[in-house]
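Reviewing the structure listed below.
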Amino acid sequence: MKASDLFIKALEAEGCQYIFGIPGEENLDLLESLRTSSIKLILTRHEQGAGFMAATYGRLTGKTGVCLATLGPGATNFVTCAAYAQLGAMPMLMITGQKPVKLSKQGHFQIVDVVSMMQPLTKYTKQIVSADNIPARIREAFRRAEEERPGAVHLELPEDIAHEHSDAIVIPASFHRRPIADEKAIHKAAHAINAAKRPILMVGAGANRKSSAKMLRAFIDKTGIPFFTTQMGKGVVDEMHPLWLGNAALSDGDFVHRAIEHADCIINVGHDVIEKPPFFMRRGRRTVIHVNYVSAEVDTVYFPQIEVTGDVANAIWRLHEAVSPQSHWEFGYFDQVRNHLLAHLARNADDDRFPIHPVRMVHVMREIMDHDGIVCLDNGMYKLWFARYYRCNEPNTLLLDNALATMGAGLPSAMAAKLVHPDRKVVAVSGDGGFMMNSQELETAVRLGQNLTQIVLRDNAYGMIKWKQANMNFANFGMDMGNPDFVKYAESYGARGWRPNSVAEFRDMLRAALASPGVDVIDLAVDYSDNDRVLNNEIKQLSAALNPPAE
């Protein structure tokens, strides 16, 4: 069998549905083998768009997303995607081509040591030097990508190896289960929770798996222990739940941080130090329990006293059996925190100023989006407003990146989400800076016949850095820019363009865009003038005024 045919059959055996990417000269054998396979090629306009789509596919399904590029510049364009998937724990396989390794007639033209380049950014990277090795390399790549902690892997298939023949056969996936936590660790954690006075639960990125959400909800409902989330833990438990205490969108000073300060036992489910610390540990003040697939990575702000390492859903189920509501638990202060938080979240919800206030924009979107609708954020100032104010009902309905925090991923992520969930409403939200980094993928979305909406928040600047610049009392410099006419820009790709001039128009246009087939782009002017007043001052002043509980 030709090596490229064997490669594709090995991908099919792993359940690969799509390959996202841009083939090059060195991939032509593989492309020909792909032409007659069950796998669909999603041709993108840039390798970065392909990588972001593959990573998001992995994030939503738990299966390895696959992307393809040629050698040299094609491969180097995957670098950001590799870091995005690796830091964000998204299973993804990158396949790149290479010049012939046995006999090259082109010297060092386009030659980059891609395997070495990918080494610090992936869990596994290999050049295939023999067709006979293809089944083993692909099986190992998928295994590494999907096992906890998931991440990026890479295989390089040189042009001459792809053209070889081999008698090797595909290696089927093995049956496996995640290890479960030690019984002594479960007992120790349960004892600490039962003995605590004010326990609290944190839901992080590692808990954002299908099996974990159900168990966490059962644990919370039985024990009555309040919970909060990190940015990437949003929606694992319905944030309309009466025990929800908010999201750690800010590093400190929010209402939720007052609850954290006065908790004496924090159960961290799925905590990952890749995310900004949702709180800072101090020696001797509280017991911190780490519940995750992998042991804690200890640093100066995180050094848990108890670790429950193993399958998270199984661990939570066993804690559910071992922990019961205690008469000495005191949650009155947490109730006070919640009431003040909810009152603050409602501020500016009816603000009709235009350009639109970010809180008003988030509330309009929450009002219109279905419970299972998916909002995909790029990276910018609005991410903080969404993390804090957009209350998710289901897991993975607000896709944001609080790991690499790269710009340019919003639209490609939304396109992948629509492939995985074609019956759901999908909206991408990007700043004007991030949108223009991969806006060419509008053509891909139109060509695929997708039904999705892209909102471009226009402030004609790199808004988050401009805000940080002002926070440091620096003069405004180097952050302002111009933009194309986004309505005409959308129309040039065959999409529909919209430009509201009021909050009411924005609401009507978003409803119309979601109700009609095709790709829509909404050019929405946003007013970030409240960034400093609300996020830096108002929240901290109001939360600091809460009466602390008696110790």
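How large are Rg and Dmax for the range 346-437 when calculated on the C-alpha trace, in angstrom?
12.9, 37
Once Rh for the range 3-162 is found with the Kirkwood sum over Cα pairs, what is the Stokes-Einstein diffusion coefficient at 20 °C and 1.002 mPa s, in µm²/s?
In µm²/s, the coefficient rounds to 143.
If I model a spin label at Gln440 and Trp329 as a point 7 Å from the Cα along the Cα→Cβ vector, what separation in nanometres do I get?
The two pseudo-label positions are separated by 5.5 nm.
Taking the alpha carbon gyration tensor of the chain, what are the square roots of 5 times its eigenvalues, largest first, to the nearest whole Å?
Values: eigenvalues 326, 197, 76 Å².
Output for the chain: semi-axes of 40, 31, 19 Å.
Angle between the Cα long axis of helix 358-368 and the longest principal axis of the chain, 0 to 90 degrees, nearest 10?
The helix 358-368 is inclined about 70 degrees to the chain.
I'd like the antiparallel share, as a percent to the nearest 5, of DSSP beta bridges with both residues in the range 183-343.
Percentage antiparallel, nearest 5: 5.
Check cross-link reach from Lys540 to the lysines: straight Cα distance under 20 Å, and skip same-chain residues fewer than eight apart.
Qualifying lysines at Cα under 20 Å: Lys276, Lys383, Lys468.
I'd like the Kirkwood hydrodynamic radius of the range 392-509, using the inverse of the mean 1/r over distinct C-alpha pairs, in Å.
15.8 Å
Taking the 0 to 90 degree range and rounding to the nearest ten, how far is the long axis of helix 332-345 tilted relative to the main principal axis of the chain, both from C-alpha atoms?
With rounding to tens, the tilt is 60 degrees.
Over the chain, what is the mean sequence separation of C-alpha contacts under 8 Å (at least six apart), divided by residue count, expressed as relative contact order in percent?
Numbers: 1202 pairs, mean separation 70.4, N = 551.
Relative contact order comes out at 13 percent.
Translational diffusion coefficient, Stokes-Einstein: compute it for the range 299-342 using the Kirkwood radius over C-alpha pairs as Rh, at 25 °C and 0.890 mPa s, and state it as an integer in µm² s⁻¹. Walk me through the intermediate numbers first.
Working: Rh = 13.8 Å.
It comes out at roughly 177 µm²/s.
Thr300 to Asn536: extension gain in nm, 0.36 nm per residue of separation minus the Cα-Cα distance? Walk me through the numbers on the way to the answer.
Values: separation 236, 0.36 × 236 = 84.96 nm, distance 2.48 nm.
Going from the current span to full extension adds 82.5 nm.
The range 139-155 to the range 40-67: how many Å between their Cα centroids?
Result: 14 Å between the Cα centres.
Between Glu32 and Gln119, what length in nm is gained on full extension when 0.36 nm per residue of separation is reduced by their alpha carbon distance?
28.4 nm
If the viscosity is 0.692 mPa s and the temperature 37 °C, what translational diffusion coefficient in µm²/s does Stokes-Einstein give for the range 183-343 when Rh comes from Kirkwood over Cα pairs?
Once the numbers are plugged in, D ends up at 214 µm²/s.
Which distance in Å, rounded to a whole number, links the C-alpha centroids of the range 390-407 and the range 189-208?
23 Å
Please compute the Kirkwood hydrodynamic radius of the range 107-220 from all pairs of different C-alpha atoms, in Å with one decimal.
Numbers: mean 1/r = 0.0540 Å⁻¹.
About 18.5 Å for the range 107-220.
Give me, ordered by chain and number, the residues 5 or more places off Tyr124 or on other chains with an amide H under 5 Å from its own placed amide H.
The answer is His154.
Rounded to the nearest 5, what is the percent of antiparallel bridges among the DSSP beta bridges in the chain?
Around 5 percent antiparallel, to the nearest 5.
Hey, how many Å between the Cα centroid of the range 286-356 and the Cα centroid of the range 424-495?
Computed from Cα coordinates, the inter-centre distance equals 33 Å.
Pairing the Cα long axis of helix 210-223 with the longest principal axis of the chain, what angle in degrees results, from 0 to 90 and rounded to the nearest 10?
10 degrees
Taking every DSSP beta bridge that has both residues in the range 349-529, what percent is antiparallel when rounded to the nearest 5?
The antiparallel proportion sits near 5 percent.
Laboratory data are not the source of any read-out in this text; all were calculated from the coordinates shown. Computed from a predicted structure; not experimentally measured. Virtual Cβ from ideal backbone geometry, glycine too; neighbours counted across all protein chains shown.
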